[in-house]
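Take a look at the structure set out below.
The values are calculated or read from the model by the stated rules, or taken from the named source; none is laboratory data. This one's a predicted model, so the numbers in the text were calculated from it and none came from an experiment. Positions of Cβ are backbone-derived with ideal geometry, glycine not excepted, and every protein chain shown enters the neighbour counts. With ligands, DNA and RNA removed, areas are computed over all heavy atoms of the protein, side chains included. Shrake-Rupley method; radii C 1.70, N 1.55, O 1.52, S 1.80 Å.
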Amino acid sequence: MRAAVHTAVNEPLRLEDIEHAAPADDEVTIEVASCGACHSDLHVRKGELPFPTPAVLGHEVAGTVSDVGRAVSGLSPGDRVVTSFIMPCGRCARCAAGEEEICLDFFAYNRAKGQLYDGRSRLSRPGGEPVWMYSMGGLAQRTVTPATSVYRVPDGVELSDVAAVGCSTMTAYGALRHAADVRVGDTVAVIAAGGVGSALIQLARVFGAGEVIAVDIGEDKLEAARQLGATSTVNSSETDAPTAIRELTGGRGVDVAFEALGSRATFEVARDSVVEGGQVVVVGIAPPETVGELNLATIARRKLQVKGSYGAKPRRDMPVLLDLVARGLLRPQDAVSRHYSLDEAEEAFTALDRGEIRGRAVIDVA
């Protein structure tokens, strides 16, 4: 099969013919229709997140089941499905505690080594050299992944419309529902209106937030944020964002500020934009050396809550998100601004790196 292979840091993706193994007992093979282009993949490409090479990136997959392992139930060949980028092992201490979004085996095997849970990749070059997998390695014509990451797509929903649900939308849902527990009438700010930020804006309105303020440096992204439901926008390249947010909230600040990029500057905007007792939720994936400052006296006096959120709980939350899509309450396709072919995967990530993508770009593989 054809795949876009990451061969070295800062080197272009290379289209190669590679092989895939049959699924293990608890795994599923998917014919990939579409795969989102995510900033996390970009961090790996640039060496900001260490990962072995050669590798196939891509973890926002929608497609059709072509094969299932002997122990898999509830999924059959021909099913239209979407994947979650978190692939819970279902066995570790965190999964057992109901915190599968921080599954220990997922980080130990996949994020550290590019492996599935038997310590092997399912991808290889024709000579047998392993090709490592970032999540399920979706920038390929087929992918093999644990069944715990695979969910049926509702009838009538286009696969390319929901490819990003398993990462950007699921990440946003986890931050809103589990980290912040946003309630009807809450005021929120979304700092950085990219892929995850766009999903935060959409879902914040679904959750009933009374005011949703989007902050970014690109006027095109702010216009897109307004179309997705932001009630106000702030261009932080033109004004002091925390001051503007306080003006928009009558001097109060927001109940929750979501940092959705993973940078010192965006963290500081979020930190300085919340009301006393408010929450700062860090969602963006930052390079390992990134540091944000906190004044301990200010945290105590203002009773600030600073939280991290890596994602939602796939087995609990993906069905909820797909039901919202089926009922028309959530339209992830409205955040998709560009489509590319697999041959154009390098072009997609170059545009993402330049900040040219509004919302999400999707690579149509089929």
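Summary of computed values
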{"quantity": "Considering residues of region 326-346 that are in a helix (DSSP H, G or I) and open to solvent by less than 20 Å² (accessible area, probe 1.4 Å) only, the residue farthest from residue 42 (Cα to Cα)", "calculated": "332"}
{"quantity": "Qualifying helices (runs of 4 or more DSSP H) (wholly inside region 147-234; at least 2 residues being more than 20 Å from residue 62 (Cα to Cα), open to solvent by 40 Å² or more (accessible area, probe 1.4 Å) and touching a residue at least 12 places away in the same chain (Cβ under 8 Å))", "calculated": "195-206, 219-228"}
{"quantity": "Every residue from region 347-366 that is open to solvent by 50 Å² or more (accessible area, probe 1.4 Å) and more than 23 Å from residue 155 (Cα to Cα)", "calculated": "347, 353, 354, 356, 358"}
{"quantity": "Residues located in region 236-249, provided they are without any contact (Cβ under 8 Å) to a residue 60 or more places away in the chain, open to solvent by less than 40 Å² (accessible area, probe 1.4 Å) and touching a strand residue (DSSP E or B) at 6+ places or on another chain (Cβ under 7 Å)", "calculated": "241, 244, 245"}
{"quantity": "Odd one out for residue 283, checked against (1) modelled with pLDDT of 95 or more; (2) farther than 30 Å from residue 4 by Cβ; (3) not basic (Lys, Arg)", "calculated": "(2)"}
